[in-house]
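The values are calculated or read from the model by the stated rules, or taken from the named source; none is laboratory data. All values derive from a computational prediction rather than experimental measurement. Note that we place each Cβ from the backbone using ideal geometry, even for glycine, and neighbour counts take in every protein chain shown.
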Amino acid sequence: MLLTVAVVGRAHGLRGEVALDLRTDAPDDRLAVGTVLTTEPASAGPLTVAATRVAQGRWYVQFREVHDRTRAEELRGTSILVDAAADPGGDDEDAWYPHELTGLRAEHVDGRLLGEVVGLQHLPAHDVLVVREPGGQRSLVPFVRAIVPVVDVAGGRVVLDPPGGLLASDAANLVVSPETGGSSDRAEDHDGDHDGDHDGDDEA
């Protein structure tokens, strides 16, 4: 099975360097100089790693086949693939691939059924589980230990400890009383002053 270990982001500079949106915990191994990488779409590769660097927590790579910004821009959105059997991060007990998580039952720490995991999304701050609740709502659950304390792939479940209001069904059931209505309105006005502040990172 081929798994995505990175997605090519925007071009950086004029000599073909590109930013990467990583999908692996072992980039030093997967992106070692000289490594020949499979791509999706296949027509974009194969690509050979010529050099890498890390700046402000972001990975940048120079491929031997890419010599200018125009070619680098053409690669944007290209997925870098590896064979799952060869991925050095595959044995990490705290790392899972999307196909392992999709379909797992989502349970509350108190035993209640919360829904089913239908996907995994990669966001700049952290990954999120996409959970489809029994009523059909979809919730994005930060995939961090404090909120997802148990991942039991063999048992077919994940255990969630979500804060109040995180799940879509919780938000739908919130009742705003006349006494709290004013506070809610003020919170909305305050939030409105900060639209679009998340994800200042360069998009990969």
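Using beta carbons and a limit of 9 Å, which pairs, at least six apart or on different chains, have the first residue in segment 127-138 and within 20 Å of Arg23 (Cβ to Cβ) and outside the structural domain of Arg23 (by TED's automatic domain parsing) and the second one basic (Lys, Arg) and not in a loop (DSSP other than H, G, I, E, B)? Hits for this filter: Val130/Arg138. Considering only segment 128-139, I want to know if a residue exists there that is of a type outside the set (S, T, N, Q), surrounded by fewer than 18 Cβ atoms within 10 Å (Cβ to Cβ), in a loop (DSSP other than H, G, I, E, B) and at pLDDT below 80. No; the residues of segment 128-139 include none that is of a type outside the set (S, T, N, Q), surrounded by fewer than 18 Cβ atoms within 10 Å (Cβ to Cβ), in a loop (DSSP other than H, G, I, E, B) and at pLDDT below 80. Of the listed requirements (1) outside the structural domain of Val141 (by TED's automatic domain parsing); (2) at pLDDT below 70, Trp96 misses just one: (2).
May I ask you to list the residues in segment 8-23 that are more than 15 Å from Thr39 (Cα to Cα) and part of a loop (DSSP other than H, G, I, E, B)? Steps first, answer last, please.
Of all residues in segment 8-23, those more than 15 Å from Thr39 (Cα to Cα) come to 10-17, 19.
Residues satisfying the conditions are Gly13, Leu14, Arg15, Gly16.
Would you point out which residue out of Arg76, Arg53, Arg71 is at pLDDT 90 or above, part of a strand (DSSP E or B) and not assigned by TED's automatic domain parsing to the domain that holds Gly135?
Arg53
Return a yes/no flag: does segment 15-33 have any residue that is touching a His at 6+ places or on another chain (Cβ under 8 Å) and over 27 Å from Asp127 (Cβ atoms). Within segment 15-33 (the criterion being touching a His at 6+ places or on another chain (Cβ under 8 Å) and over 27 Å from Asp127 (Cβ atoms)), the answer is yes, since at least one residue qualifies.
Please specify each residue of segment 39-48 satisfying the condition of being closer than 13 Å to Val8 by Cβ and assigned to a strand (DSSP E or B).
Quick first cut of segment 39-48, residues closer than 13 Å to Val8 by Cβ only: 39-41, 44-45, 47.
The answer is Thr39, Glu40, Leu47.
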